Amino acid sequence: MGEDEKNKKPKLKMAVYWGAACGGCCVSVLDVHEKLFDVVAAADLVFWPIALDFKYKDLKAMPDGYIDLTLYNGAIRNSENQHIAMLLRQKTKILVAYGSCAHMGGIPGLANFSTKEQIFDRIYCDTESTENPEKIKPQHIYKVPEGELELPIFYNDVMPLDQVVCVDYYLPGCPPQTERLLEVFMAIVNGSELPSKKTVIGAYEKSQCDECERKKTENKKIKKFYRPWEIEDDGETCFLEQGVICLGPATRGGCGTRCIKGNAPCRGCYGPPPDVSDPGAKMMSAIATMIDANDPEEIENIIEQIEDPAGTFYRFSLPGSILRRKVV
Amino acid sequence: MDFKPTIVSFLCNWCSYTGADLAGTSRMKYAPNIRIIRVMCSGRIEPTFILKAFREGADGVLICGCHPGDCHYHEGNYKCLRRFHLIQKYIQQMGINKDRLRLDWVSASEGKQFAELADEMTETIKELGPCEVKNTMEKLDKIC
Amino acid sequence: MEEKRIGVYVCWCGNNIALMVDVEAVSEEMKKLPNVVIAKNYKYMCSDPGQDLIINDIKEHNLNRIVVAACSPRIHELTFRKALENAGLNPYMFEMANIREQVSWVHTNREEATRKAKSLVVGAINKVSFHEPLDKRSVDIDPATLIIGGGISGISAALLIADSGNKVYLVEKTGKLGGHTANVDLTFPYLYSAQQMIDFKIKRLINHPNIELFLDTQIEEIFGYVGNFETTLKINTAEKVELKFGNIIVATGLKTFDPSGIEEYGYGKLPDVITSSEFEKMLLHGKVQTKEGKVPKNVVIIHCVGSRNKNYHEYCSRTCCMTALKYSNQLRSALPHSNIFQVYADMRAFGKGCEEFYTQSSRKDIMFLMFDQQNELPKIREAGKKDNCNLIVEINEKLSGEPIEVPADLVILMTSMEAHEEAKNIAHAVGISMCGNDFYIEKHPKLDPVATTTDGVYIVGTCQGPKDIPDSISQAEAAAARILAIILQGSVHVEVTTAFVNEEVCCGCQTCICVCPYTAISFDEEKNVSVVNEILCKGCGTCGSACPTGAIRCRHFTDKQILSQIEGLMSITLEEV
C-alpha cells in the first residue's frame, strides 16, 4: 500500500431508507446532481433500496455500528417501517431523521385524524372507483394453499422516527434543501465537530422571517383571514399582514423561503425553532393574538374563517405534536 | 367507582387567583378536583399549556381571567379570549369535547362565583366522563 | 449544571391546614421525589422559628431551591423570599404551594384534600426545579408626586407632601378645586361649614411654592414604573406639558347616582323631586323652595336611593343617613313650621358623634318612617287637587306594617355615591383595577388599604369606596405619608420577573410589538430583533405567549417552568382515593 492510500481517510459507509414517505426525500438526495460524485467519492452507499439493489438480509448481516450515517426518511406507519428503523438503529453510528415525515410525522401524519379502520374502509371499500363487494381488506397473515402469506401490520397511528428509536439528529424539510444536506454530509466526512445529539441540523436557529425578503412591520392585526388566492398579493408585504396564514414565524429557516419566494405562504415543513415543542400551538397562539377584535362573537366569526385549524397548523407536525392524534 | 376528574385551572394573579383565595378565606366549599396554576395574567396562558394539561391526563381545563375591561395589564384577557376560541376549535377537531375547555371571568371579589364555577365545571366533566387523551397516548406508546 | 437540592416545607398553619390535610403524609411523599433533599412539616412556617428552620437547612444541607406549602403566595411569598435571602440564596429560587386558601379551607374530605395538596406541592417542586436566580433591580425615586383629582382628598395629600419640601403636580379635570366638598353647605355631625374648611385649604394650595396646579387637564396615559413615571398632560385639550414623577395618588372622587332610572321616584318627571346634591345647592343659596318658588310645607327625605339595592348598588354609601339628618336640622332651622319626614331603610349612624347627632335630630319634631328597600320602594305620585300639597309619597311603613301616604311639597332623594364614568380610563392609565364597575381595588382590603397592586400608585378618598370627609382626609394623608417614606428611602426595588428576547432565536416577525400594553417592546432594525425595555415591562407575559418562535421568555413563568408544573400537578390524581 502506498503512502497516499494509507493517509486517505476510510470511506464513510452510508445508508438511505424510506419508511412511510412519498419518495421526495430520496429524490432530494439525488438532487445533489454532479455533487453526487463527491458524495460517492467520500462514501460508500451500503444500503439504499430506492436506488440500488439491496436486500434486508444484507442489512441484517452487517455488524452493529457498521454504517456511519443513515438518512431515514418517512414516518413509521407499519411494522415494516418500525422493524427496519430498529435494525438501522442497531447498525448505524449516526441516525438522522431525514425530512419532515421522519422528523415530525409529515403529510402521512395527517392520517392520525382517522383510524386504521376508517382508512381501510375508505381505500378498500368506499372510494368511488372501488369495486369490492366482498369488502376484502389486507390481512397481516393470510392462508393460501401454498402456505401463509404475511404483510406488515398497518398501525392505527403514524409516528415520527424518534417515537420508535433513538434519533441522533433531525434534518428537516419536505424535502430537505439539498444544500443543507451537502453541508451536513461534508461536515461528517471532514470529521468536523457535530452539534450535541438530538438536535436539528441542516436548518437555522432562526425562523423563516429572518430570511424572508417580504416587508414586515408590527402591523399584524387581522380582521379577516384570506386564502392565498383571495388576495391580490403584491409579492412584497408579509403574508400575515395581508390576513393570510403563514407559518413562517414558527418554522425554522434553512429552506431559503422557497414557498414564500414562490408567493405561497410557509406551511411549516421545516419544523419548530429550538425550545418550541409544539409549533402548531405556538402559531395558533400568535395568530389568535393578531385577531383584531375583543368581542367574543366577532372573534368567533373571524376564527370561523380558519376552516381547518388542525390541518393548517399541524400540516407537517401532527404525530410529533403534543396531542399526536385525534382521540377516538 | 365514581369517576373523579382532574381539572387543571390557570388563573391570573390579580383577579381570578385572588378570587379563588377569597373563596378560601370565606370558607366556601367546592369540589377538590380543580388544581390551580397561577400566572400573572391570563394573557400568559398559551395553547401549549392547555394541550399539555390534556396530554398529562387532565379531564378538563379551566381558564380564568379578569372581567373584560378590568385586566390588570389592560388587555391581556382579550388576547386570552382570542386564543381560547381558536384552541377550542382545534381540540374539537382532535376529538376532545369543547366543554372540557372553559374560559370564565372571575374578579378578585368573586370568591363565591369561583367556588360555584369550580363545582359547575366538575359536574360538567363528570357528565362527560374521563378524557381519553392520555390513554390514547399510552396505547400509542405500547406499540413501540 | 449545578446539582438541584430542594427543600420542601409543609405548614400546618396551626389547625388551619393540619386539620384537613395530612401534612405528615405530604412531607413524607415529597421525600421520595428526585432532587428533594429535605421535606419537613412545621406548625407555623411563617413564624420566626419556621423561617429559621428553612434558613438553617439551607446552610446545613446546601439547599438551593425551596418550596413552602402553606397559605396563598399572595400573603407570604415575600416573607419566605426574604428568608431565602437571609440564608444567602437568591429569593427567586422559591415557590409556594397554596394548600390553605385553595385546599384546606375549601374542601371537606381529608383524604382528597391531602391528595390535592400533594399534587400542588409536586407541581411547585417541578416548577422550582427550573427557577433561575433573578437579580433585584433598584431604581431611584423621583421625589415629585402626581395627584389626580383636586377634591378634598387630593388637596389634603398635596399639602402634606408639598409641606415636606417635595414637588407636587395636582391635576384637576375641571376648572375648579374642591370637588364635591365645595358643593356642600354644612357638614355632619358638627355642622361646620364645608366652604370654610375647603377654602382655607385651597388658598394654601394655590400659593404653595411646591405645588404646581393644572386645571382643565386630562390624563391620557402614564408610562413608567414606581419612582420614574412620566406623562404628557393635555391642558384644555390643546396645550401639552410633559411631567416626570415618582409616585401617583389617584383621588378622582365620586359621581352621584342618577335616580331617573328608578321609576317609583319619578325623578326628572316630577319637578319637586330633587337629589341631595340639588338640595345642597339650595342650601348654599340660602333658599329652600319648590319649583314654583313656594316655601315647602312638607319635606320628605328618602334614603338609600341607588344604595343597598341589588338593582342599583348593593353597597351602602355610608354618608347619606347622616347627611339626611343634617338636612332635617337645617330644614328645621330654616322652616320651623314645616313637616319633615325621614323615609329610611335603616338608620346608620356610624362614627364619632353620629349616634349623638341622630338622637339630637330625632328630638326636633321629625317623623321617621321606615321602608323595606329590598322588597318595595316608596312611590311618589302627583297629588290630587284636594290634597293641598304637590306630591304624595306612598310607603308601606315597615314598623307599623301599615301603608301610609305622606304629603310632600319637596322630596329629597339621598342619592348614592358611585364610581366616575372616567374611572376606568384613569385605571387603565395608571394600571390599577376596579371591582367591576365600582370602585378601585386597594392592594389589601384590611392590611394595605391605600396602596394598589401597582407599585407607586395609591388610591384615596371616594374613588376607593364611599366615605365621608374625615375618612377621605385620613386616607389621603396616609398615602402622602407612604410616599414620603419612599422618597426618604431614595430608591425602591422593581419588578424583575420581566420578559426578555433571546436574540439568537428572534426572527424579527414583530408579532410581539403591538401586543405589549406598555409599549415596552421595540424593534431593532439593525439586528432584526425585538427588544424588551425591562424597565417598562410589568411582567404580564402576554408577549411570551404571542411569540411564535419561543424567543421571548417570561422570567419566573417560562414555558419550561409551567409545563413542568403541569406534569407535577397531574402526577397525583384523586382517582385512587
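Which residue, chosen from A:Y142, A:Y155, A:Y124, occupies the Cα position most advanced towards the positive end of the dipole of segment A:114-155, where the dipole is computed from +1 (Lys, Arg) and -1 (Asp, Glu) charges on Cβ about the Cα centre? Ranked along the dipole, the leading option is A:Y155.
Which part of segment B:44-72 falls in the paramagnetic zone of C:T497, meaning amide N under 17 Å from the point 7 Å along Cα-to-beta-carbon? The answer is B:44-46, B:64-66, B:72, whose backbone nitrogens lie closer than 17 Å to the label point. Applying 0.36 nm per residue to the separation of C:R204 and C:E221 and subtracting their alpha-carbon distance, the gain on full extension is 3.2 nm. A 1.4 Å probe run over the protein chains yields, for the protein assembly as shown, 42 Å² of accessible area per residue, whole-number rounding. Of the trypsin sites (Lys or Arg not before Pro) in segment C:166-255, the ones in a loop by DSSP (not H, G, I, E or B) with at most 13 other beta carbons within 10 Å are C:K176. For the protein assembly as shown, the carbon plus sulfur part of the accessible surface works out to 50%, probe radius 1.4 Å. Which FRET efficiency, nearest 0.05, do C:N236 and C:I535 yield, Cβ-Cβ r, R0 41 Å? For R0 = 41 Å, the calculated efficiency reads 0.80. In a simple Cβ point-charge model (Lys, Arg +1; Asp, Glu -1; nothing else charged), the protein assembly as shown has a dipole of about 1240 debye relative to its Cα centre. Here are some pairs, C:K255/C:K398; C:K118/C:K538; C:K43/C:K127; A:K261/C:K538; A:K35/C:K527; A:K137/B:K89; which of them have Cα atoms lying more than 27 Å apart in this structure? In this structure, C:K255/C:K398; C:K118/C:K538; A:K261/C:K538; A:K35/C:K527; A:K137/B:K89 lie more than 27 Å apart at Cα. Inter-chain neighbour count for C:550-559: the average number of beta-carbon atoms from partner chains within 10 Å of each residue's beta-carbon is 4.
The Kirkwood radius of segment B:97-144, taken over pairs of alpha-carbon atoms, gives through the Stokes-Einstein law at 37 °C and 0.692 mPa s a diffusion coefficient of 253 µm² s⁻¹. Quick check: the distance between the Cα centres of segment C:273-338 and segment A:180-231, to the nearest angstrom? Using only Cα atoms, the two centres lie 73 Å from each other.
Specify whether the C-alpha gyration tensor of chain B places it in the rounded, prolate or oblate class, a ≥ b ≥ c being the square roots of the eigenvalues: rounded for a/c under 1.5, otherwise prolate if a/b is larger than b/c and oblate if not.
Oblate shape, in that a/c is at least 1.5 and b/c is the bigger or equal ratio.
The simple spin-label model puts a point 7 Å past each Cα toward its Cβ; for A:E300 and B:K29 those points are separated by 3.6 nm. Distance from a point 7 Å along Cα→Cβ of C:V139 to each backbone N in segment C:483-507: keep the residues under 20 Å and list them by number. Under cut-off, by backbone N: C:483-501. For segment C:320-425, the set of trypsin sites (Lys or Arg not before Pro) satisfying both a DSSP loop assignment and a count of at most 10 other C-beta atoms within 10 Å is given as C:K352, C:R363.
Is the shape of segment A:208-313 best called rounded, prolate or oblate, per the rule: a/c under 1.5 gives rounded, else a/b larger than b/c gives prolate, else oblate, with a ≥ b ≥ c the square roots of the Cα gyration tensor eigenvalues? Judged from the Cα gyration tensor, segment A:208-313 comes out oblate (a/c at least 1.5, b/c at or above a/b). Using 0.36 nm per residue and subtracting the Cα-Cα separation, the extra length available between A:T127 and A:S79 on full extension is 14.7 nm. With a 1.4 angstrom probe, the accessible area lost at the B-A interface totals about 3200 Å².
Using the reciprocal of the averaged 1/r over all distinct C-alpha pairs, how large is the Kirkwood radius of segment C:85-212 in Å?
Its Kirkwood hydrodynamic radius stands at 19.9 Å.
Using the alpha-carbon positions of the protein assembly as shown, Rg (one decimal) and Dmax (whole number) come out as 35.7, 136 Å. Summing Cβ point charges (Lys, Arg +1; Asp, Glu -1) relative to the Cα centre of segment C:495-555 gives a dipole of roughly 260 debye.
Along the axis of the charge dipole computed for segment C:258-335 (Cβ charges of +1 for Lys and Arg, -1 for Asp and Glu, origin at the Cα centre), the listed residues C:C316, C:T290, C:P271 are led at the positive end by C:T290. Within chain A, the longest run free of exposed loop sites, counting GluC sites (Glu not before Pro) that sit outside DSSP helix and strand states (H, G, I, E, B) and have at most 15 other Cβ atoms within 10 Å, spans A:1-127.
Sparse packing (at most 16 other Cβ atoms within 10 Å of the Cβ) combined with a DSSP loop state is found for the following trypsin sites (Lys or Arg not before Pro) in segment C:122-155: C:K136.
State which stretch of chain C is the longest one without any exposed GluC sites (Glu not before Pro), exposure meaning a DSSP loop state and at most 10 other Cβ atoms within 10 Å. Longest run free of exposed loop sites: C:4-291. Model label sites at C:Y44 and C:H337, defined 7 Å from Cα along the beta-carbon direction, differ in position by 6.9 nm. The residue list A:V244, A:P273, A:P228 was ranked by how far each Cα lies along the charge dipole of segment A:208-313 toward its positive end, using unit charges on Cβ atoms, and A:P273 comes out on top. To the nearest ten degrees, helix A:279-290 and the longest principal axis of the Cα atoms of chain A are 10 degrees apart.
The residues of segment B:19-38 listed by number as losing at least 30 Å² of accessible area in the complex, against the isolated chain and with a 1.4 Å probe, are B:D21, B:G24, B:R27, B:K29, B:Y30, B:P32, B:R35, B:I36, B:I37, B:R38. Segment C:529-565 and segment C:24-92 have Cα centres spaced 27 Å apart. Heavy atoms of chains B and C lose about 4800 Å² of accessible surface on contact, summed over both sides with a 1.4 Å probe.
Averaging 1/r over each pair of different alpha-carbon atoms in chain C and inverting the result gives 27.7 Å, the Kirkwood hydrodynamic radius.
With a 10 Å cut-off around each Cβ of A:271-280, the average count of Cβ atoms from other chains is 6.
Computing Rg and the Kirkwood Rh from the Cα coordinates of segment C:495-555 gives a ratio, Rg/Rh, of 0.91.
Based on Cβ point charges of +1 for Lys and Arg and -1 for Asp and Glu, what charge dipole magnitude is obtained for segment C:43-108 about its Cα centre, in debye rounded to the nearest 20?
120 debye
Of the residues A:W229, B:W14, C:W12, ranked by 1.4 Å probe accessible area with the largest first, the sequence reads A:W229, C:W12, B:W14. Could you tell me the distance between the Cα centroids of segment C:147-166 and segment C:196-257, to the nearest Å? Cα centroid of segment C:147-166 versus Cα centroid of segment C:196-257: 10 Å apart. Here segment A:114-155 yields Rg over Rh of 1.04, to two decimals, using C-alpha coordinates and the Kirkwood radius. With the convex hull drawn around the C-alpha atoms of segment C:6-134, the volume per residue stands at 83 Å³.
The values are calculated or read from the model by the stated rules, or taken from the named source; none is laboratory data. Just so we're clear, the structure is a prediction, and the values are computed from it rather than from any experiment. Reconstructed Cβ throughout: ideal geometry from the backbone, glycine too, with neighbour counts over all protein chains shown. Only protein heavy atoms, including side chains, enter the accessible area calculation; ligands, DNA and RNA are left aside. Shrake-Rupley method; radii C 1.70, N 1.55, O 1.52, S 1.80 Å.
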